[in-house]
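Student: Structure in structure tokens, see below.
The values are calculated or read from the model by the stated rules, or taken from the named source; none is laboratory data. Remember, predicted model here, so these are calculated numbers, not experimental data. Counting neighbours? That spans all protein chains shown, and the Cβs are built from the backbone with ideal geometry, glycine included. Note: accessible area is taken over every heavy atom of the protein model, side chains too, but ligands, DNA and RNA are not part of it. Shrake-Rupley method; radii C 1.70, N 1.55, O 1.52, S 1.80 Å.
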Amino acid sequence: MDATRPMTRRDVARGIAASAVAALPCPSFAQGAARIVVIGGGFGGASCARALRKLDPKLQVSLIEPNQTFTACPFSNEVIVGMRELPAQQFNYDKIAAAGVTVIPQAAAKVDPEKRIVTLADGNSLVYERLVLSPGIDLRFDALPGYDEAASAKMPHAWKAGEQTLMLRRQLEAMEDGGTVVIAVPAAPLRCPPAPYERASLIAHYLKTRKPRSKVLILDAKDGFSQQRLFEAAWKELYPGMIERIALSQGGRVTSVDPATSTIITDFGNYVANVASVIPPQKAGRIAELAGAADNTGWCPIDPTNFASKLVPNIHVIGDACIAGQIPKAASAASAQGKACAAGIVAMISGKAPETPRLSGACYNTVAPGYAFSLSGVYQPKDGQFVEAEGATSPVNAPRETRQREAESAENWFKTITVETFG
Ligand code: FAD
């Protein structure tokens with residue numbers, strides 16, 4: 001078969017069966033092209049799969065991802081407030097398949113690290129020489145009393161973009177003027193640490209223009225947060241009196257919720273929301289736990305030089321799921337990690353020492369149309385963990401033209417990263 005043509009479902013099924021049968025008794029990888037399996041076709045996994053094929057077109061790379069369409073979280077806060085539509089967030093895997101990656105439209109159900117086999121939801125299995133896990137996050141529905149999956153249909157987290165994003169949008173649209181929108185923010189670590197505050201800002205923008213007697217209340221399990229001075233300065237300038245934040249030390253940590261009455265409970269008081277976006281604590285996607293790669297924090301410890309799991313041999317973990325020191329859990333980080341991990345794997349396969357990764361990433365926060373600021377960093381391994389080697393943040397007292405330019409840069413960043421990953 002021509003390795004560069006996209007696989008059909010039938011090819012995929014045949015390929016899976018063949019790999020499983022060929023390898024079951026005793027996986028031997030001494031001959032033939034190495035088989036690398038990547039679980040999760042988001043920013044980390046898709047970038048890694050593409051980079052592997054680019055670095056070594058002889059590699060057999062499979063990408064396991066159950067969704068035929070990926071829905072990106074960056075810019076999804078804009079969808080919530082009607083500044084953008086959901087299809088602008090959606091991407092398919094055609095170009096990745098055309099790059100010679102075997103895209104398998106299934107969920108991975110099990111990993112056997114001893115036999116080096118991944119079992120898929122349909123019961124088929126794949127053998128690997130190296131396995132890359134990039135399953136993103138799972139929401140911890142056991143961590144906040146009252147907040148389970150059913151509750152998330154009433155108090156959307158919208159922390160995985162898609163139906164949850166649209167649900168929150170519909171609730172905002174249905175809310176009467178004068179209402180209170182409550183956003184509950186968990187303690188670190190969480191996916192995209194500044195995104196709850198971007199959400200609060202954009203919701204305030206929506207309310208200011210459509211329902212000006214309404215308010216946003218942030219109940220926060222943290223005292224400080226990323227780019228706090230910039231956010232607070234923007235709130236004062238753009239939304240005076242509209243956004244209130246109760247920090248951890250002021251009693252802001254949410255201890256339980258009651259979805260039936262839309263009540264959010266803290267140690268210091270109860271708050272009844274007209275619309276509630278409850279972002280619960282998070283952990284690495286469940287398959288990481290099933291593979292044995294997650295520790296008791298729920299996240300995956302790695303060697304930062306090549307993203308190898310510290311707990312399971314022949315497995316690498318990238319993206320939100322891994323413990324990456326000072327690197328924030330962001331799409332730009334996941335993508336950079338995917339590429340660095342691919343380079344590390346290719347080096348290991350060819351018996352060379354991996355180069356020390358030097359990862360850079362930028363994160364933009366939009367607080368109103370045409371008004372954004374950013375944070376960027378360069379990260380390197382030090383003492384077994386990633387540390388920030390260089391960092392830059394937008395100035396607090398910048399003119400509006402700077403914010404406008406950053407809003408344009410944000411749009412360009414999103415276009416570039418999604419084209420690089422999926423286009
Ligand atoms: P994901 O991109 O979530 O991909 C994980 C993939 O794994 C999914 O496609 C999932 O279907 C798949 N998967 C899970 N389990 C399995 C399984 N068992 N088998 C097969 N596949 C599986 N980051 C930025 O850099 N900039 C931003 O402006 C930004 N804004 C954000 C705004 C919001 C509201 C949120 C919530 C996040 C934002 N982020 C932003 C963060 C960014 O979305 C994540 O950091 C990024 O998506 C992480 O990439 P990942 O590959 O680890 O996980």
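Student: Can you work out ³J(HN,Hα) from phi for every residue in the range 294-305, in order, using Karplus 6.51 cos²θ - 1.76 cosθ + 1.60 and θ = phi - 60°, giving whole Hz and x for Gly and Pro?
Tutor: 9, 9, 6, 7, x, 10, 10, x, 9, 8, x, 6
Student: For the range 328-423, with all protein chains present and a 1.4 Å probe, just round the carbon and sulfur fraction of the accessible area to a whole percent.
Tutor: Looking at the range 328-423 in its full context, I get 51 percent from C and S.
Student: On to the next question. What does the charge dipole of the chain about its Cα centre add up to, to the nearest 20 debye, if the Cβ of each Lys and Arg holds +1 and the Cβ of each Asp and Glu holds -1? Walk me through the numbers before you get to the answer.
Tutor: Numbers: 44 positive and 40 negative charges, 131 e Å.
Taking the Cα centre of the chain as origin, the dipole is about 620 debye.
Student: Tell me, what ³J(HN,Hα) does each residue in the range 228-236 have, in order and in whole Hz, if you take phi through Karplus 6.51 cos²θ - 1.76 cosθ + 1.60 with θ = phi - 60° and put x for Gly and Pro?
Tutor: Computed from phi, the couplings for the range 228-236 are 4, 5, 5, 4, 5, 5, 5, 5, 5 Hz.
Student: If you don't mind, another one. Would you tally the net charge around GLU149, using a Cβ to Cβ cut-off of less than 14 Å, leaving GLU149 out, and scoring K and R as +1, D and E as -1?
Tutor: Once all neighbours under 14 Å are counted, the net charge is 0.
Student: Only Cα pairs within less than 10 Å get springs; with that Gaussian network setup on the chain, which residue of ARG213, ARG403, ARG358 has the largest fluctuation?
Tutor: Highest fluctuation of the listed residues: ARG213.
Student: What ranking, highest mean first, results for peptides 103-113, 256-266 when packing means the other Cβ atoms within 10 Å averaged over each residue?
Tutor: Highest to lowest by the protection proxy: 103-113, 256-266.
Student: Could I ask something else about it? Projected onto the charge dipole of the chain (+1 at Lys/Arg Cβ, -1 at Asp/Glu Cβ, origin at the Cα centre), which of VAL185, VAL346, PRO156 gives the Cα projection farthest towards the positive end?
Tutor: VAL346
Student: State in Å² the accessible area per residue of the range 185-335; use a 1.4 Å probe, count heavy atoms of protein chains only, and round to the nearest integer. Please list the in-between numbers first.
Tutor: Working: 5620 Å² over 151 residues.
Per residue, the range 185-335 has an accessible area of 37 Å².
Student: To test your reading of the geometry: what angle, between 0 and 90 degrees and rounded to tens, separates the Cα axis of helix 9-23 from the longest principal axis of the chain?
Tutor: Long axis of 9-23 versus the principal axis of the chain: about 60 degrees.
Student: In debye, nearest 20: dipole of the range 117-184 around its Cα centre with unit charges on the Cβ of K, R (+) and D, E (-)? Don't skip to the answer; put the middle values down first.
Tutor: Values: 6 positive and 10 negative charges, 31 e Å.
Charge dipole of the range 117-184: 140 debye, to the nearest 20.
Student: Which value, in Å² and to the nearest 10, is the accessible area of LYS58 when all protein chains are kept and the probe is 1.4 Å?
Tutor: The accessible area of LYS58 comes to roughly 150 Å².
Student: May I ask you to rank ARG116, ARG169 by accessible area, largest first, using a 1.4 Å probe over the protein chains only?
Tutor: Numbers: ARG116 60, ARG169 35 Å².
The residues order as ARG116, ARG169, largest area first.
Student: Could you report the accessible area of SER309 in Å², rounded to 10, computed with a 1.4 Å probe on the protein chains as they sit in the structure?
Tutor: Around 20 Å² of this residue is reachable by solvent.
Student: Another question, if that's okay. Highest GNM mean-square fluctuation, the chain, Cα pairs closer than 10 Å: which of ASP220, ASP94, ASP320?
Tutor: Among ASP220, ASP94, ASP320, the largest GNM mean-square fluctuation belongs to ASP94.
Student: Sticking with this structure for a sec: Within the range 153-226, which GluC sites (Glu not before Pro) sit in a loop by DSSP and count at most 11 neighbouring Cβ atoms inside 10 Å? Before the final figure, lay out each step's value.
Tutor: Values: sites: GLU163, GLU173, GLU176, GLU198; in loops: GLU176.
When the GluC sites (Glu not before Pro) of the range 153-226 are filtered for loop state and at most 11 Cβ neighbours within 10 Å, GLU176 remain.
Student: With everything on Cα atoms, drop me the angle between helix 43-55 and the longest principal axis of the chain, reported from 0 to 90° to the nearest 10.
Tutor: Value to nearest ten degrees: 30.
Student: Where does the charge balance sit around LYS222 when Lys and Arg score +1, Asp and Glu -1, over other residues with C-beta under 12 Å from its C-beta? Let's see the in-between values first.
Tutor: Working: positive: ARG245, ARG253; negative: ASP220, ASP223.
Every neighbour counted, the sum reads 0.
Student: When the Karplus curve 6.51 cos²θ - 1.76 cosθ + 1.60 is applied with θ = phi - 60°, which whole-Hz ³J(HN,Hα) does each residue of the range 111-117 get, with x for Gly and Pro?
Tutor: Listing the rounded values in order: 10, 10, x, 6, 7, 6, 10 Hz.
Student: Give the ranking of CYS322, CYS73 by solvent-accessible surface, highest area first, calculated with a 1.4 Å probe.
Tutor: Details: CYS322 0, CYS73 35 Å².
Reading off the accessible areas and sorting them downward yields CYS73, CYS322.
Student: A further question follows. Summing Lys, Arg as +1 and Asp, Glu as -1, what charge do residues with Cβ under 11 Å from the Cβ of ALA88 carry, ALA88 excluded? Walk me through the numbers before you get to the answer.
Tutor: Working: positive: ARG84, LYS415; negative: GLU78, GLU85, GLU411.
Once positives and negatives cancel, what remains is -1.
Student: OK, next. Return the long-range amide H neighbours of ILE302 (sequence gap of 5 or more, or a different chain), with a cut-off of under 5 Å between placed amide H atoms.
Tutor: It is LYS310, ILE323, by chain and number.
Student: Here's another thing I want to ask about it. Suppose only helical runs count, i.e. DSSP H with n ≥ 4. What mean residue ellipticity at 222 nm does that imply for the chain under -39500 (n - 2.57) per run, divided by all residues and rounded to the nearest 500 deg cm²/dmol? Before the final figure, lay out each step's value.
Tutor: Numbers: 11 runs with 128 residues, N = 423.
Calculated from helices alone, the mean residue ellipticity at 222 nm is -9500 deg cm²/dmol.
Student: Given H placed on each backbone N at 1.01 Å, which residues far from VAL182 in sequence or on other chains put an amide H within less than 5 Å of it?
Tutor: Amide H neighbours of VAL182, under 5 Å, 5+ apart: LEU217, ASN274, VAL275, ALA276, SER277.
Student: Keeping every protein chain in place, order ARG50, ARG286 by accessible area at 1.4 Å, biggest value first, i.e. largest first. Don't jump to the answer; show the numbers that get you there.
Tutor: On the way: ARG50 55, ARG286 115 Å².
I get ARG286, ARG50, largest accessible area first.
Student: Give me the percent of accessible area attributable to carbon and sulfur for the range 143-280, probe 1.4 angstrom. Don't jump to the answer; show the numbers that get you there.
Tutor: Details: 2860 of 5600 Å².
C and S atoms contribute 51 percent here.
Student: Let me ask something additional. Set the bar at 27 Å for Cα to Cα. Now go through LYS208/LYS283; LYS154/LYS208; LYS54/LYS160; LYS310/LYS382; LYS211/LYS283; LYS222/LYS329 and name every pair that lies beyond it.
Tutor: On the way: LYS208/LYS283 35 Å; LYS154/LYS208 24 Å; LYS54/LYS160 29 Å; LYS310/LYS382 16 Å; LYS211/LYS283 36 Å; LYS222/LYS329 17 Å.
From the list (LYS208/LYS283; LYS154/LYS208; LYS54/LYS160; LYS310/LYS382; LYS211/LYS283; LYS222/LYS329), the Cα-Cα distance tops 27 Å for LYS208/LYS283; LYS54/LYS160; LYS211/LYS283.
Student: On a 0 to 90 degree scale, rounded to 10, what angle separates helix 400-422 from the longest Cα axis of the chain?
Tutor: Roughly 30 degrees, rounded to the nearest 10.
Student: Over the Cα atoms of the chain, what radius of gyration and what Dmax do you get, in Å?
Tutor: 22.0, 69
Student: Which value, in Å² and to the nearest 10, is the accessible area of SER409 when all protein chains are kept and the probe is 1.4 Å?
Tutor: Only protein atoms counted, so the area is about 40 Å².
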